[in-house]
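*Asks:* Here you go, one structure.
Throughout, read-outs are computed from the coordinates displayed, never taken from laboratory work. On a predicted model such as this, the values are computed, not experimentally measured, just so you know. Positions of Cβ are backbone-derived with ideal geometry, glycine not excepted, and every protein chain shown enters the neighbour counts.
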Amino acid sequence: MRIRSVKTHIVDTPIPEEHRVRSGAGYKLARQAAFVEITTDEGITGYGPCSFGSASLDLGSVASLCDNTFAPALVGEDPHRIEHLWDKLYYGSIVRVHGYRSVGVAILSAIDIALWDIKGKALGAPIYQLLGGAFQDPVPAYSSSVYWDTPEGAARQARAFVDAGFRAFKVKVGADVENDIASLHAIRDEVGYGIDMLVDANQCYSRHLALKVGRVLEQLDVLFFEEPLPIDDVDGHAFLADKLDVRIATGENMYTRWDFVPFIERRAVHVVQADTSRCGGISEAKRIFDLAGSFHLHAVPHTFSDALTVAASVHLVAACSNAPVIEYDFTYNPIQTALVKNPPVPRDSVIELPTEPGLGVEIDWDFVADNPYTGTIGIGAGSRPAFGLGFEAIADRTATSLA
Ligand code: MG
């Protein structure tokens with residue numbers, strides 16, 4: 001079998017004002033999916049997502065980089081040789097030109113996942129079977145996320161997740177420390193302690209603010225504290241991991257196993273959160289999860305983009321003994337619910353494993369045709385780490401553009 005073509009598709013759906021994502025990662029304006037389609041000379045086609053959907057960059061540049069630069073290196077190759085092709089793109093192009101922490105790795109992720117989709121379809125097996133078989137079936141899922149809100153509003157959002165059947169959910173913090181703390185208390189008052197709560201700061205805190213909030217998280221029995229600090233502050237994460245009796249989680253913005261190594265070496269993380277469609281694909285996420293497992297750490301994949309990413313992550317979590325749960329975005333997200341005809345969805349806080357070969361999902365081409373890319377940026381500016389002053393020292397945390 002040989003690869004015949006590689007083509008990128010982009011889907012663009014605006015988010016209504018009342019459903020905007022509000023978090024330290026930015027003010028999300030649209031849900032955008034970029035995914036590759038790899039065809040072969042034997043009629044098998046694979047699909048893989050690139051997690052830069054809804055990102056602050058022109059997705060047209062992602063498509064041209066993939067289709068004009070990476071595709072020629074793949075056409076004519078044997079799609080079954082996934083590790084060979086991963087190395088060919090990574091060492092032949094990405095580390096030399098595009099950067100090892102870059103959109104190049106995200107495109108490599110899409111290609112890797114599409115190759116796994118092809119392999120599964122060619123062998124007639126779901127991908128989790130090729131990764132070693134199901135360690136768990138179904139896969140537990142937590143709901144993501146309670147967005148920035150008043151304490152009363154945050155409690156209402158959390159209640160809606162519980163009423164929808166979730167037994168675990170995540171809460172966004174980082175807007176204002178006192179409001180964050182009040183909101184977390186209000187949520188616990190609303191849902192009680194029988195529900196697992198996770199907290200995500202999207203890199204918005206300084207070390208001292210993270211320690212202050214972290215001590216509240218200890219009292220509120222929070223399961224993990226996600227991206228408490230900027231990802232470049234490895235020592236800061238180690239400081240928190242040493243001081244706090246709450247798990248430290250990070251990794252959604254990391255690329256390849258080599259971003260995770262210093263965190264693991266310096267005991268700065270308890271839960272690694274590699275995103276399959278950003279970190280280097282299913283192949284690289286499996287390596288990262290296994291690396292974490294070697295150090296008795298847990299792995300919980302980040303998914304906050306599209307149905308193909310959820311599907312890839314379901315296969316991965318199913319096959320990994322140290323991956324207890326998967327993230328599922330239960331807010332307004334058409335690219336997660338409508339991009340494929342049979343999206344993996346949680347019921348009673350679990351997701352059943354796909355039974356069809358490969359990823360086990362089928363692209364809805366009508367949805368793709370009906371929601372073409374407009375060229376607009378999908379997310380506003382994210383926040384910088386806060387200092388803790390009683391007034392807003394950093395302008396415009398919810399900016400709708402980068403201007
Ligand atoms: Mg996060």
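*Asks:* Suppose a student asked you for the relative contact order of region 1-62, using Cα pairs under 8 Å spaced at least 6 residues apart; what percent would you report? Please report the intermediate quantities before stating the final value.
*Replies:* Working: 102 pairs, mean separation 21.7, N = 62.
Answer for region 1-62 is 35 percent.
*Asks:* Thinking of region 262-368 as a set of Cα atoms, what percent of all their pairs are more than 20 Å apart?
*Replies:* Details: 2254 of 5671 pairs.
Of the Cα pairs, 40 percent sit more than 20 Å apart.
*Asks:* Once the Cα atoms of helix 307-319 and of the chain are each reduced to a long axis, what angle between those two axes, in degrees from 0 to 90 to the nearest 10, is obtained?
*Replies:* For 307-319 against the chain, the angle is about 90 degrees.
*Asks:* Let me ask something else. How far is it, in nm, from the label point at residue 365 to the one at residue 218 when both lie 7 Å from their Cα along the line to the Cβ?
*Replies:* Between residue 365 and residue 218, the simple spin-label model gives 5.8 nm.
*Asks:* Need one number: convex hull volume per residue for region 52-106, Cα atoms only, in Å³. Don't jump to the answer; show the numbers that get you there.
*Replies:* Details: hull volume 4.6 nm³, N = 55.
About 84 Å³ per residue, rounded to a whole number.
*Asks:* Please list the non-local residues whose amide H lies under 5 Å from the amide H of residue 342, H modeled 1.01 Å from N, same-chain partners needing a gap of 5 or more.
*Replies:* For residue 342, whose amide H was placed from the backbone, the distant partners under 5 Å are 362.
*Asks:* Given the convex hull over the Cα atoms of region 326-371, what projected area results after averaging over all orientations, in nm²? Provide the component values of the computation, followed by the final result.
*Replies:* Values: hull surface 15.1 nm².
Reported value for the Cα convex hull: 3.8 nm².
*Asks:* Taking the beta-carbon count within 10 Å as an exposure proxy, list 1, 197 from fewest neighbours to most.
*Replies:* On the way: 1 15, 197 22.
Ranking 1, 197 by Cβ neighbours within 10 Å, fewest first, gives 1, 197.
*Asks:* Over region 15-54, with a single point scatterer placed on each C-alpha, what log10 of the ratio I(q)/I(0) does the Debye formula yield at q = 0.21, 0.24 1/Å?
*Replies:* Those come out to -0.71, -0.81, one per q.
*Asks:* Once you charge only the Cβ atoms, +1 for Lys and Arg and -1 for Asp and Glu, what is the size of the charge dipole of region 71-142 about its Cα centre, to the nearest 20 debye?
*Replies:* Values: 6 positive and 7 negative charges, 38 e Å.
Computed about the Cα centre, the dipole is about 180 debye.
*Asks:* Can you give me the C-alpha center-to-center distance between region 3-51 and region 269-283, rounded to a whole angstrom?
*Replies:* What the calculation gives is 18 Å, centre to centre.
*Asks:* 5 Å is the cut-off here: which amide hydrogens, built 1.01 Å from N in the peptide plane, fall below it relative to residue 224, excluding neighbours closer than 5 in sequence?
*Replies:* Residues meeting the amide H criterion: 199.
*Asks:* Read phi for every residue in region 294-302 and hand back ³J(HN,Hα) as whole Hz from Karplus 6.51 cos²θ - 1.76 cosθ + 1.60, θ = phi - 60°, with x for Gly and Pro.
*Replies:* So the Karplus estimates, Gly and Pro as x, are 5, 9, 6, 9, 8, 9, 10, x, 6 Hz.
*Asks:* Measure nothing but the geometry: give the 0 to 90° angle between the long axis through the Cα atoms of 177-191 and the longest principal axis through the Cα atoms of the chain, rounded to 10°.
*Replies:* Tilt relative to the chain: about 80 degrees.
*Asks:* Taking N as the number of residues in the chain, what is its alpha-carbon radius of gyration divided by 2.2 N^0.38 Å? It would help to have the intermediate numbers written out before the result.
*Replies:* Details: Rg = 20.1 Å, N = 403, 2.2 N^0.38 = 21.5 Å.
Expressed relative to 2.2 N^0.38 Å, the Cα Rg reads 0.93.
*Asks:* At a 10 Å Cβ-Cβ cut-off, how would you order 69, 39, fewest neighbours first?
*Replies:* On the way: 69 15, 39 18.
Final ranking by Cβ density, sparse to dense: 69, 39.
*Asks:* Using Cα atoms only, what is the angle between the long axis of helix 234-243 and the major principal axis of the chain, expressed in degrees (0 to 90) to the nearest 10?
*Replies:* Here the helix axis deviates by roughly 50 degrees.
*Asks:* What's the exposure ranking of 308, 229, 223, 389, going from fewest to most Cβ atoms within 10 Å? If you can, show how the numbers build up before the last one.
*Replies:* Working: 308 31, 229 25, 223 20, 389 9.
Fewest to most other Cβ atoms nearby, the residues stand as 389, 223, 229, 308.
*Asks:* When only Cα pairs under 8 Å and 6 or more residues apart are kept, what is the percent relative contact order across region 325-386?
*Replies:* 28
*Asks:* Each residue of region 119-132 in order: what ³J(HN,Hα) in whole Hz does its phi give by Karplus 6.51 cos²θ - 1.76 cosθ + 1.60, θ = phi - 60°, with x for Gly and Pro?
*Replies:* 4, x, 5, 5, 8, x, 9, x, 4, 4, 5, 6, 8, x
*Asks:* Rounded, prolate or oblate: which fits region 125-265 when a ≥ b ≥ c are the square roots of the eigenvalues of the alpha-carbon gyration tensor, with rounded for a/c under 1.5 and prolate only if a/b beats b/c? Write down the numbers at each step before the final one.
*Replies:* Numbers: a/c = 2.11, a/b = 1.11, b/c = 1.89.
Oblate shape, in that a/c is at least 1.5 and b/c is the bigger or equal ratio.
*Asks:* Using 23 Å as the Cα-Cα cut-off, could you pick out the over-long pairs in 119/286; 28/212; 88/286; 7/341; 7/121; 28/119?
*Replies:* Exceeds cut-off: 28/212; 28/119.
*Asks:* Quick check: from the Cα gyration tensor, does region 196-321 come out rounded (a/c under 1.5), prolate or oblate?
*Replies:* Numbers: a/c = 1.82, a/b = 1.58, b/c = 1.15.
Since a/c reaches 1.5 and a/b is larger than b/c, the shape of region 196-321 is classed as prolate.
*Asks:* On each of the three principal axes of the Cα atoms of region 6-81, give max minus min coordinate, whole Å, ordered largest first.
*Replies:* Taking the Cα atoms of region 6-81, the three principal extents are 46, 22, 18 Å.
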